[in-house]
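Only one structure is covered here, and it is reproduced in the block below.
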Amino acid sequence: MPKGILNVTNAREKAKELLKSMYDGSFVSKSEKGVTLNKANDLYIEIKAKKLSKATIKKEQLVYGKYFNSTLGDKAINDLKKDDFLPIFDLMYKKGIFETISRSISFLCRVLEIL
């Protein structure tokens, strides 16, 4: 498996860790507390665009735009809670797009790790 790609089990564990750190507000430094998910995503693109293919960036951004941007994009990342993500993942689950759930969790982890 290529580095950076999580299998479902690893993605779930990573998501649990991320959600726990989101819950207690400890995953972002004090100087970055006001950064929104949109700003973090923009920074991710700026940093990763040189390393990832255009097709990968395009796919990630299509999913981000469709499921996360309008509902969570303007929210400060330290204000995001597990309950903010559940309706989005429930919708994906109902649509049967399980691979998209896994990839979205992995993508969100990478976006938030940049900070």
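Read-outs: derived from the displayed coordinates by stated rules, not from any lab. Worth saying up front: this structure is predicted, and the values here are computed from it rather than measured. No Cβ is skipped: glycine too gets one built from the backbone with ideal geometry, and neighbour counts run over all protein chains shown.
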Report the gain in length on full extension from Thr9 to Lys66: 0.36 nm times residue separation, minus Cα-Cα distance, nm rounded to one decimal. 18.0 nm
At 7 Å along Cα-to-Cβ for each site, give me the label-to-label distance between Lys58 and Glu113 in nm. 2.5 nm
